[in-house]
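Undergrad: Structure provided below as structure tokens; questions to follow.
Please treat every number below as a calculation from the coordinates, not as lab data. Quantities reported herein were computed from a predicted structural model and do not represent experimental measurements. With ideal geometry, Cβ positions are generated from the backbone for all residues, glycine too; neighbour counts draw on all protein chains shown.
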Amino acid sequence: MQATAPVLPAARDRILDAAEQLVADQGASNLTLDAVAQAAGVSKGGLLYHYPNKDALLAAMIERHCDDLDERCARELEGLPADQPSSRLKASILGVLTPRAGREDLGAALLAAAANKPALLDGARARYADHVAQLTESGGCFARSAVIMLAVDGLMLGEVWRLTPFTSEQRELIVKELLRLADEACSEPSPR
């Protein structure tokens, strides 16, 4: 039997993987294209072919972070009843608040990078606007659904910045309460 060589991820993925690891380890302000190229095992020219500058690389990392979040929410939605009005909102709660092993520092680093260049968040802003539009179209009480998602965002950002003092038991209670509130919000019509 012939041994097969391991399949290496595509250059774009290797570059993003390396950049994410460097940002998580050293912070976005210490990210250099030379360090990313070396860590990814590509030439600097190869990196520049895919990402012509540091901002393009950071924007791609933020986009990938958003893609990951969308995928997690979609996976959560698959596990919820299709006929339950609150399923989409619950999937968002669970998708956003489910910890991602090994990627805890990435969100903070990307937010720090975006703080220096707010335009880096343009893609994330568009996705957030789409998410709000989905809340509007999903029926139920828009205001309550929006407040729930703002609470989710607050908890997530507090954890990203390591500000929240909640124990794991307290956090679990908070998530359960958010899920319960989602059922309530989606069972009542929006006030006119």
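Undergrad: What does a probe at L157 reach in segment 31-66, counting residues whose amide N is under 20 Å from the point 7 Å along Cα→Cβ?
TA: Only 59, 62-66 pass the distance filter.
Undergrad: Follow-up. Which of the helices in the chain meet the span-like rule: DSSP H, Cα axial reach of 30 Å or more, Kyte-Doolittle mean at least 0.0?
TA: None clear 30 Å together with a mean of 0.0.
Undergrad: Under 17 Å Cα to Cα from K54, which lysines show up? Leave out anything in the same chain fewer than 8 places away.
TA: K44, K117
Undergrad: Here is a further query. Expressed in nm to one decimal, what extension gain is obtained for the pair E71 and K44 from 0.36 nm per residue of sequence separation less their Cα-Cα distance?
TA: This chain segment gains 6.7 nm when fully extended.
Undergrad: Would you be so kind as to identify which of G107, S43, I15 lies farthest towards the positive end of the dipole of the chain, taking Lys and Arg as +1 and Asp and Glu as -1 on Cβ and the Cα centre as origin?
TA: Value: S43.
Undergrad: Further, regarding this structure: Using the basic label-point model (7 angstrom from Cα toward the beta carbon), what is the L80 to R171 distance in nanometres?
TA: 2.0 nm
Undergrad: Follow-up question, since we're still on this one. For the chain, state the average projected area of the convex hull of the C-alpha atoms over all orientations, rounded to one decimal in nm².
TA: Answer in nm², one decimal: 14.8.
Undergrad: Still on this structure, I have one more. State, as an integer percentage, the relative contact order of the chain based on alpha-carbon contacts under 8 Å between residues 6 or more apart.
TA: It comes to 23 percent, rounded to a whole number.
Undergrad: Suppose every K and R has +1 on its Cβ and every D and E has -1 on its Cβ; what is the size of the dipole of the chain about the Cα centre, in Debye to the nearest 20?
TA: In total the dipole reaches around 280 debye.
Undergrad: In whole angstrom, how long is each semi-axis of the equivalent ellipsoid of segment 8-52, when you take the square root of 5 times every eigenvalue of its Cα gyration tensor and sort them from largest down?
TA: They are 16, 11, 8 Å, listed largest first.
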